[in-house]
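Just so it is clear, none of the values below were taken in a lab; they were calculated from the coordinates. Since this is a predicted model, take the numbers as computed values, not measurements. When we count neighbours, we look across all protein chains shown, and the Cβ atoms used for this are built from the backbone with ideal geometry, even at glycine.
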Amino acid sequence: MRFFDIIGLSFGSLFRRRARTILTVLGVFIGTASVVLMLSLGIGLKQSFLEMYNEGNSQANKLTISLSENNPAAYLTDDTIEELEKQPFVEQIRPKLIGRARITQGKWAVDVNILGLTKDELGSLKLTKGALSEEDTGDLKLIVGSRVIEDVYNYKTGEYPYYDKKEYADMDFFGDSVRIQFETEDFNVDYLGHREFTSKKRKPYIVAETADMGAEGYCYCICADIDALKEFMDKEYRGKSIPGQPVRKNGRPYGEYIYPLATVTVNSRENIDAAKEYFTENGYQVMANDEITEEIDKSFNLVQAVLGSIGAVSLLVAAIGIANTMTMSIYERTKEIGIMKVLGCDIKNIRWMFLAEAGLIGLMGGIVGVTLSYGLSSIINTIVGPLIEPGMILTVSRIPIALAVLALIFSTLIGMFAGLLPANKAMRLSPLAAIRNE
Amino acid sequence: MLSISERNGGIFLDIEKQGEQESEQPAGRQVAIDVCNLQKFYRLGDETVRALDGVTFQIYEGEFVAIVGTSGSGKSTLLNMLAGLEKPTKGEITIAGQRIDRLKENQLVRFRRRKIGFIFQSFNLIATMNALENVAFPLAFRGITKTAREKKADAMLERVGLSRHKSHKPNQMSGGQQQRVGVARALVVNPSIVFADEPTGNLDSNTSKEILELMRNVVSEQKKTLVMVTHDNNLAHVADRIIHIRDGKIKKIENNQTTGIIEEVY
C-alpha cells in the first residue's frame with residue numbers, strides 16, 4: 001500500500017470519530033504543552049543566567065587573573081603584562097584599573113568603582129543610553145552601569161531607596177547637578193562611613209549607560225577608558241597615595257600603576273588548563289569563565305530534568321489515553337479489519353494503519369501543544385519575568401526551534417508507541433470476523 | 001449401475017466415483033482447486049465437532065461450482081479454508097499449484113491479494129466510502145495509484161450497471177445495488193478465483209436472481225473460476241457443478257451441463 005493511502009485511511013477513521021479524537025488529542029496536547037513549558041523554563045532560566053555572566057565576556061577562553069598574595073615581583077604593571085603576553089598560549093592581556101569615587105546629586109549619593117578598561121573592551125560594551133564618541137576632548141568620559149542606581153542612598157538619612165523600599169532613587173546621572181569626588185583613603189581601612197574624598201567636586205562626563213554584566217559586573221560600576229582614567233587620577237591624587245594601590249616598604253608609592261586585575265585571552269580552549277596552571281604557579285589567582293559556566297550548566301541541567309519529568313507525567317497519562325482510544329477503535333473495527341484481510345490487505349499495512357492513526361493523534365496533540373506553549377511562554381515571560389528580576393527583561397521561558405521540533409517528533413513517537421500493542425492486536429485479528437453475519 | 005431419481009426437480013444419475021470424474025471434463029482443462037481429504041475439527045468443551053470430515057474434490061479453471069448444504073453442514077467452513085481464512089486440521093488444499101494449507105498468515109494474505117476475489121453475504125462494504133471508493137479499495141492494497149484505481153473501478157461499476165451510483169454511500173443503496181458493488185469489488189482485482197459466501201443471502205428472490213445472473217455472466221465472460229456457497233438448492237442450479245455437503249461430508253456432486261445432470265454419490 002502507498003504511504004499516502006495508509007495516512008488517508010487513518011485520517012478518515014480519526015475524522016469519523018471526531019469527538020473521541022479531539023478528546024484524546026486534548027490529552028496529548030496538555031501533556032506536550034506541559035513538557036515543553038517545563039523544559040522551556042529550564043532552558044530560559046539557564047540561558048538567562050549564562051547571559052548575565054557572559055555578556056561582554058562571552059568567550060570561554062578568558063581568564064581573570066589577580067594577585068593571590070602581596071608579591072611585588074608579580075605586580076601587574078605594564079611591563080609585567082608585556083612579559084606575560086609573550087607566553088605562547090596567551091593571545092592578549094587586558095589590564096583593569098579600579099578607582100573609587102562618590103557621585104552626588106542633591107541629597108543622593110552613590111559610592112562606586114570606576115573601572116578602567118582598555119579601549120577595545122570599552123568599545124564592546126552594549127550601551128542602553130547615550131554613545132561613546134571617538135573624539136578626544138581630554139575629559140574623562142564615563143559610562144554608568146544601569147544598576148548603579150540600586151546603590152544610591154540618601155546622603156542625609158542614610159536610607160537606600162532600592163534596598164529598603166524597592167524603589168529607585170530619582171537621581172539623574174546625566175543631569176547638570178551631578179558631581180564626582182575621588183576617594184583619598186582606602187575605604188577598607190575604615191568601613192564605617194568615614195570616607196575621605198578629594199575636596200574638589202567635579203562635574204563628571206557621563207556619556208552613556210550600559211546594562212552589560214560582564215565578568216566584573218560592569219553594570220554595577222562606572223566604566224572609563226583606562227588611559228584616560230590614569231591621567232585623571234594622576235591629576236586628582238597629585239602627590240598623594242592612591243587607595244588600593246600597593247606601596248613600597250618605606251610607604252612610598254611605586255610611581256606606576258599596578259593593576260588589581262587583568263583579563264587574559266587564551267589563544268585556544270585547549271590551552272585553558274595550561275594557562276591556569278601557569279598563572280597559578282606565578283602567584284596569581286585565576287578565575288576561569290568556563291568554570292562558572294560549567295557550574296551554571298550543571299545545576300540548571302538538574303533543574304531542567306526535574307521540571308521535564310514533572311511534565312512527562314502528564315504526557316504518560318496522555319499516552320495511556322491514546323492506547324485506550326486505539327484499543328476501542330480496534331474493537332469497533334474488528335469487522336472492517338477482517339474485510340481488509342479478506343480483500344488481501346497486507347497485515348503489516350494493517351498495523352501501519354493503526355500506528356499511523358495513533359501517531360497522528362500524537363502529532364496533532366503535539367502541534368496544538370507546541371503552539372499553545374509558545375503562547376503561554378510569552379505570557380509567563382511578561383508576567384513572571386519582572387517578578388524575578390525587577391527592572392530587567394528576564395526571559396524565563398524559552399522555546400528553541402529544536403525543542404519545538406523535538407516535541408513534535410516525540411509526541412508522534414509517543415503516540416505510535418502507545419498504539420503499538422493495539423496495532424499488533426489488530427494485525428492478528430482473524431479475517432473470519434468479516435464472514436460472521438450479524 | 002445407473003439409477004434415476006428425482007429430487008428437487010432435477011434428475012440425478014448415479015455414477016461410480018473417482019476415475020470417471022476426469023473423463024467427465026473436457027480434455028486439457030486445468031485443475032484450479034485440488035482438495036484432498038480435508039478435515040476440520042473444533043473443540044467445543046470436551047466434545048470434538050467434526051465440521052469437515054474428509055472432503056476430496058477438484059474444481060477446474062473457468063468452472064462455476066456451487067457448494068450446497070444446510071446450515072451447520074460445514075459448507076462455510078469449507079469455503080473459509082479454500083479462501084485461506086481458516087486453517088484445516090488435516091488434509092491438503094492446492095490452488096494454482098500452491099499448498100495453501102501450509103502458508104503462513106502473511107503469505108495467505110498475499111495469496112488472496114493476487115488470486116482471490118471475495119463476495120460476502122452481508123456485502124461488507126466500507127460504510128464511509130462511496131461505491132467507487134469501495135470498488136477501488138482492494139486495488140489500494142496492491143499499491144496502485146488513486147487515479148489508476150478509480151479508472152478501473154469506474155469501468156467495473158459500469159459493467160455491473162451502477163455507473164449512475166458511483167458517488168453513493170452504501171446506506172444510500174438498495175441491497176441489490178450494494179451486492180453489485182460487492183461483485184464489482186471482487187472482480188476489479190482481476191482474480192483467477194472468485195469465492196462467494198451466500199451472496200444472495202440478504203436479498204429477495206428477484207434481486208437474488210439478478211445478482212446471480214450478473215455473477216455468472218461476468219465470471220464466464222472473464223473466464224474466472226467461481227465458487228459459491230449457498231443453502232438454496234434452486235440458486236445452486238445456475239452453477240456448472242453442485243457439491244452437496246451434509247455433516248461435513250460430500251453427499252454428492254451434480255454435473256449440471258447441457259447433457260443432463262450427473263450425480264456422483266459418495
> Taking segment A:85-151, which GluC sites (Glu not before Pro) meet the DSSP loop condition and have no more than 11 other C-beta atoms within 10 Å?
Replying inline: A:134, A:135
>> From the C-alpha coordinates alone, can you work out the Kirkwood hydrodynamic radius of chain A, in Å?
In response: 26.9
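Could you rank the peptides A:142-149, B:90-97 by their average count of other C-beta atoms within 10 Å per residue, with the highest value first?
A:142-149, B:90-97
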> What are the residues whose amide H is under 5 Å from the amide H of residue B:196, where those residues sit 5 or more places off or on another chain and H is modelled from the backbone?
Replying inline: B:119, B:227, B:228, B:229
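How many Cβ atoms of partner chains, on average, are near each residue of B:138-145 if near means within 10 Å of its Cβ? Could the numbers behind the result be given before it?
On the way: counts 6, 3, 10, 11, 5, 6, 3, 3.
Mean shielding by partner chains, rounded to a whole number: 6.
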> At what distance in angstrom do the alpha carbon centres of segment B:94-118 and segment B:128-202 lie from each other?
Replying inline: 22
> Does segment B:137-240 come out rounded, prolate or oblate, given a ≥ b ≥ c as the square roots of the eigenvalues of its C-alpha gyration tensor, rounded meaning a/c under 1.5 and, failing that, prolate meaning a/b above b/c?
Replying inline: oblate
>> Please report the antiparallel percentage of the DSSP beta bridges confined to chain B, to the nearest 5.
In response: 60
> Mind checking which of A:328, A:427, A:416 has the largest fluctuation in a GNM of chain A, springs on alpha carbons under 10 Å?
Replying inline: A:328
> Can you run phi through the Karplus equation (6.51, -1.76, 1.60; θ = phi - 60°) for segment B:52-67 and list ³J(HN,Hα) in whole Hz, with x for Gly and Pro?
Replying inline: 10, 10, x, 10, 9, 6, 10, 10, 9, 4, x, 8, 10, 10, 9, 9
> Going by alpha carbons, how many degrees (0 to 90, nearest 10) lie between the helix axis of A:289-332 and the longest principal axis of chain A?
Replying inline: 10
>> From the helices alone, meaning DSSP H stretches of at least four residues, give me the mean residue ellipticity at 222 nm for chain B, per-run term -39500 (n - 2.57), in deg cm²/dmol to the nearest 500.
In response: -9000 deg cm²/dmol
> Hey, got the average number of other protein chain Cβ atoms within 10 angstrom for residues in B:118-127?
Replying inline: 4
> Mind listing the phi-derived Karplus ³J(HN,Hα) values for segment B:39-50, rounded to whole Hz, using 6.51, -1.76 and 1.60 with θ = phi - 60°, and x for any glycine or proline?
Replying inline: 10, 9, 10, 10, 9, 10, x, 8, 8, 10, 8, 8
> lysines within cross-link reach of residue A:165: Cα-Cα under 26 Å, excluding same-chain residues under 8 positions apart?
Replying inline: A:107, A:129, A:156
>> To test your reading of the geometry: what angle, between 0 and 90 degrees and rounded to tens, separates the Cα axis of helix B:131-140 from the longest principal axis of chain B?
In response: 70
>> I'd like the distance separating the alpha-carbon centroids of segment A:84-138 and segment A:308-331, in whole Å.
In response: 58
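Loop-only trypsin sites (Lys or Arg not before Pro) in segment B:160-254, please: DSSP not H, G, I, E or B, and at most 11 other Cβ atoms within 10 Å. Spell out each step's value before the answer.
Working: sites: B:164, B:166, B:180, B:185, B:209, B:216, B:223, B:224, B:241, B:246, B:249, B:251, B:252; in loops: B:166, B:223, B:224.
Those satisfying the criteria are B:223.
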>> Can you tell me which of A:248, A:179, A:351 moves the most in a GNM of chain A? Springs connect C-alpha atoms under 10 Å apart.
In response: A:248
> Taking the Cα-to-Cβ direction at residue B:234 and at residue A:295 and moving 7 Å from each Cα, how far apart do the two end points lie in nm?
Replying inline: 9.8
>> For chain A, take the longest principal axis of its alpha carbons; what is the angle in degrees between that and the long axis of helix A:3-16, to the nearest 10 within 0 to 90?
In response: 80
